[in-house]
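The values are calculated or read from the model by the stated rules, or taken from the named source; none is laboratory data. Only a predicted model underlies this, so the values are computations on that prediction, with no experimental measurement involved. Don't worry about glycine lacking a Cβ; one is built from the backbone with ideal geometry, like all the others, and counts go over all protein chains shown.
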């Protein structure tokens, strides 16, 4: 039992001695103790580690140092962004400075491609009848003015032509008989009453013939060469103007009447913009201002226009005013009531600007990057600078610095996202 107690006491003494020895090594340099020191520094994850050994002779004299370097002669601080010049060249990272650019401010608007009332027309039948031989048009098809779209069939057409031919024949006989009676009356062999009666019949048949001729002409039947051999029972339905078919409401065998709309055709030659501007922005809108717009459903192509008419009616429900704009020569394919997004440009202002791709968004903040690209070192250290990004026009964005640009540094104008990616890669490396 005594042996065990002595063994425990011996272990405690060794432990205490070890703790005191450890504390002695933690003394700072110049604390009055000339204790030997030994320091080890391992790689920080970037391959730039240093290792230093220092041995004391017990009297505070002799010292021996060993150092291992990665060839750059410096350590990287956590959070800094470093790229070699070879990486900069490979990624085509380019440097520059602010440009003085005229950038317009603008008002955003939404709307549609519209048409004036005279650019739309309805196709309808000129009489009651049945649709026959409807052409294979579909919505979106283009038709030329005068093209036959279908035929309208009705037995009444035959009766009207028959009536015209009968009245024309009667009129020929009445005129001949009138001439004969006038001759007899002139030679005192005829009766005046017969002449008067025939004159009345000729006048009535003439009026009837002209009326029937007008009706047939309205239906599209030419009476100048109408005979008993070319009577028709159907008439064509023509396209009233050139344009695109936006709706079709007829089919073969369908009975129609003149008040029914069979098709709608629009002529896009008078296509214009119909934009809704909120009341707080309407004061800045003037005729002649330039408009740029896109039709999201048709792609990202930017088209141009110009403010033409500012509406005089205020939409109380939407708090907007309608603005009409003329289109430039290049325009999107027309699809009725298709949604569009527009910018109405207000002014020309010279501002400090950078290429749009020089600015990086991270969360709700905007950044640019800068470095001393004329440095003789093999590595370039990049700094992120906070900015306020403004209006973008023709690939340039107005920029206001929040963080000052360090002296001697140039701004990354191309390849900012490569630098941004490197910073994120560095953050991930330090997390591990």
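Out of 93, 103, I need the residue that is under 29 Å from residue 369 (Cβ atoms), modelled with pLDDT under 80 and crowded, with 17+ Cβ neighbours inside 10 Å. Which one? Full working, then the answer.
Working: 93 fails: modelled with pLDDT under 80.
Step by step, each of 93, 103 is checked, and only 103 is under 29 Å from residue 369 (Cβ atoms), modelled with pLDDT under 80 and crowded, with 17+ Cβ neighbours inside 10 Å.
Remark: residue 131 matches the filter, which requires a residue to be within 24 Å of residue 218 (Cβ to Cβ), buried (at least 17 other Cβ atoms within 10 Å of the Cβ), out of contact with any helix residue (DSSP H, G or I) (no Cβ under 7 Å at 6 or more places or on another chain) and touching a residue at least 60 places away in the same chain (Cβ under 8 Å).
Just one of the numbered conditions (1) over 21 Å from residue 243 (Cβ atoms); (2) exposed (fewer than 12 other Cβ atoms within 10 Å of the Cβ) is not true of residue 269: (1). Here 175, 193 are screened, and the one residue that is touching a helix residue (DSSP H, G or I) at 6+ places or on another chain (Cβ under 8 Å) and assigned to a helix (DSSP H, G or I) is 175. Look through the range 390-418, keep the residues that are out of contact with any helix residue (DSSP H, G or I) (no Cβ under 9 Å at 6 or more places or on another chain) and surrounded by 18 or more Cβ atoms within 10 Å (Cβ to Cβ), and return whichever of them is modelled with the lowest pLDDT. Looking at residues that are out of contact with any helix residue (DSSP H, G or I) (no Cβ under 9 Å at 6 or more places or on another chain) and surrounded by 18 or more Cβ atoms within 10 Å (Cβ to Cβ), I get 393. Residues that are assigned to a helix (DSSP H, G or I) and either in contact with a strand residue (DSSP E or B) (Cβ under 8 Å, 6 or more places away or on another chain) or surrounded by fewer than 12 Cβ atoms within 10 Å (Cβ to Cβ) (or both) within the range 213-232 comprise 214, 218, 219, listed in sequence order.
Could you tell me whether any residue of the range 279-291 is closer than 19 Å to residue 116 by Cα, loosely packed, with under 15 Cβ neighbours inside 10 Å, over 13 Å from the mean Cα position of the chain (by Cα) and at pLDDT 90 or above? For the range 279-291, residues closer than 19 Å to residue 116 by Cα, loosely packed, with under 15 Cβ neighbours inside 10 Å, over 13 Å from the mean Cα position of the chain (by Cα) and at pLDDT 90 or above: present. Taken together, 385, 354 contain a single residue that is part of a strand (DSSP E or B), on the phi < 0 side of the Ramachandran plot, surrounded by 14 or more Cβ atoms within 10 Å (Cβ to Cβ) and in contact (Cβ under 8 Å) with a residue 60 or more places away in the chain, which is 354.
Looking only at residues that are assigned to a strand (DSSP E or B) and crowded, with 20+ Cβ neighbours inside 10 Å in the range 108-125, which one is farthest from the chain's Cα centre (by Cα)? Quick ask: steps written out before the conclusion?
Within the range 108-125, the subset assigned to a strand (DSSP E or B) is 108-114, 120-123.
Filter again for crowded, with 20+ Cβ neighbours inside 10 Å, leaving 109, 111, 113, 123.
Numbers: 109: 12, 111: 12, 113: 13, 123: 33 Å.
The extreme case among them is 123.
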